[in-house]
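The values are calculated or read from the model by the stated rules, or taken from the named source; none is laboratory data. If you're wondering where the values come from, they're calculated on a predicted model, not measured in any experiment. Here Cβ is always computed from backbone atoms with ideal geometry, including for glycine, and neighbour counts include all displayed protein chains.
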Amino acid sequence: QAPGQVKHYLQFADLTREEYDYLLKRSAWLKTKFKSYETWHPLHDRTLAMIFEKHSTRTRLSFEAGIHQLGGHAVYLNTRDTQLGRGEPVEDAAQVISRMTDIIMIRTFGQEIIERFAANSRVPVINGLTNEFHPCQVLADIFTFVEARGPIQGKTVAWVGDANNMAYTWIQAAECLDFQIRFSAPEGYQLDGSRLTAKALKHLTICTDPKDACKDADLVTTDVWTSMGYEDENTSRMTAFKDWMVDEELMSVAKPDALFMHCLPAHRGEEVSAEVIDGPQSIVWEEAENRLHVQKALMEYLLCGRLD
Ligand code: CP
Ligand code: NVA
């Protein structure tokens, strides 16, 4: 296909609620197949290029295992030993990589980089994390919530921590799937109002006190205080966020059956206490595993359309 006519997944808002309903069902179907060792190769002979400009464990592994399980093959590229790290224009790289592969996943810095790449790609491009968004992770988180508790519509999700890629993706998801987000971060680390749509504001409450955010929440979630690419700010962030740790006291104000999620990697004693992440309300290992299942559904959908 010519660039410009391809369906990409660059942010959560790129798909509709109907498409998410399908993907959540399809993820469950693919998960059951995987658990019963049934072969399913709709992407036979297809190649996934995985481009990493930042570190990764879960994203790399889940995409690589996922394409393999669907009958395809993955090629891992990083900026350390490809021309991408030596200044080849993103547009040129997109032209070339998308002529040799069937689907591309990118983890990079600015969202504009992945957008420029996608605009020049002949095949679907998937956001595997940018400074602005992490849609595959929130898709996995929502699938995990639905698996454990049923539909997320009308539920309340508490976000305790940085206004980072995960936070903005949760806000897009709330708008698209119709649930509420309560956001709480220290002064100086608030959301950027210019990135919030009028519709998103209807699904968002900003709380000064993290306890207000967690009160009666169905899900409490957080993330690192310092995201990749912001390491220079680490010292000031450690001080600013010290009262934003999700601990048992914070969890106690949420609903008794509230779940705890974290996209991982986590820092016990910083954004979450060991008691919470290793405790009974934590669902972080299922959340991590589900990256595999939802991304298989996503790759299958972008390449084959609906198969139900
Ligand atoms: N959660 C997540 O994306 O993990 P990795 O950085 O290990 O890929
Ligand atoms: N917000 C974190 C997520 C890591 C998976 C980061 O961008 O580093």
Those residues that are among the aliphatic types (A, V, I, L, M) and more than 15 Å from ligand 1 (Cβ to nearest atom), I need them from the range 212-233; list them, please.
-> 213, 217, 219, 220
Only one of these conditions is not met by residue 54: (1) touching a Phe, Trp or Tyr at 6+ places or on another chain (Cβ under 7 Å); (2) of a type in the set (Lys, Arg); (3) within 15 Å of ligand 2 (Cβ to nearest atom). Which number is it?
-> (1)
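Residues checked against (1) among the hydrophobic types (A, V, I, L, M, F, W, C); (2) surrounded by fewer than 23 Cβ atoms within 10 Å (Cβ to Cβ); (3) at negative phi; (4) at pLDDT 95 or above:
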position: 142; (1), (2), (3), (4): yes, no, yes, yes
position: 146; (1), (2), (3), (4): yes, yes, yes, yes
position: 165; (1), (2), (3), (4): no, no, yes, yes
position: 192; (1), (2), (3), (4): no, yes, yes, yes
Determine which single condition residue 109 fails, assuming it passes every other condition in (1) in contact with a strand residue (DSSP E or B) (Cβ under 9 Å, 6 or more places away or on another chain); (2) within 16 Å of ligand 2 (Cβ to nearest atom); (3) more than 27 Å from residue 21 (Cα to Cα).
-> (1)
Out of all the residues in the range 264-281, which are in contact with a His (Cβ under 7 Å, 6 or more places away or on another chain) and closer than 17 Å to residue 138 by Cβ?
-> none
Search result, residues across the range 105-151 that are assigned to a loop (DSSP other than H, G, I, E, B), more than 16 Å from ligand 1 (Cβ to nearest atom) and not small (Gly, Ala, Ser) = 120, 122, 123, 124, 151
Quick one: count up the residues across the range 152-188 that are free of Cβ contacts under 8 Å to residues at least 40 places away in the same chain and part of a strand (DSSP E or B).
-> 4
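Looking at the range 197-308, what strands (runs of 3 or more DSSP E) fall wholly within it and have at least 1 residues that are over 24 Å from residue 25 (Cα atoms) and of a type outside the set (Asp, Glu)?
Values: elements: 204-206, 219-222, 259-262.
The strands (runs of 3 or more DSSP E) meeting that bar are 204-206, 219-222.
Of all residues in the range 35-50, which are in contact (Cβ under 8 Å) with a residue 60 or more places away in the chain, away from ligand 2 (no atom under 16 Å from the Cβ) and surrounded by 18 or more Cβ atoms within 10 Å (Cβ to Cβ)? Before you say what the answer is, go through the steps one by one.
Keep residues of the range 35-50 that are in contact (Cβ under 8 Å) with a residue 60 or more places away in the chain, which gives 42-43, 46, 48, 50.
Going one step further and asking which of them are away from ligand 2 (no atom under 16 Å from the Cβ), we end up with 42-43, 46, 48.
Those that are in contact (Cβ under 8 Å) with a residue 60 or more places away in the chain, away from ligand 2 (no atom under 16 Å from the Cβ) and surrounded by 18 or more Cβ atoms within 10 Å (Cβ to Cβ): 43, 46, 48.
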Per-region count, the range 221-241, residues among the charged types (D, E, K, R) and within 18 Å of the chain's Cα centre (by Cα) | 1
Could we say that residue 256 is without any contact (Cβ under 8 Å) to a residue 24 or more places away in the chain, away from ligand 2 (no atom under 15 Å from the Cβ) and not β-branched (Val, Ile, Thr) here?
-> yes
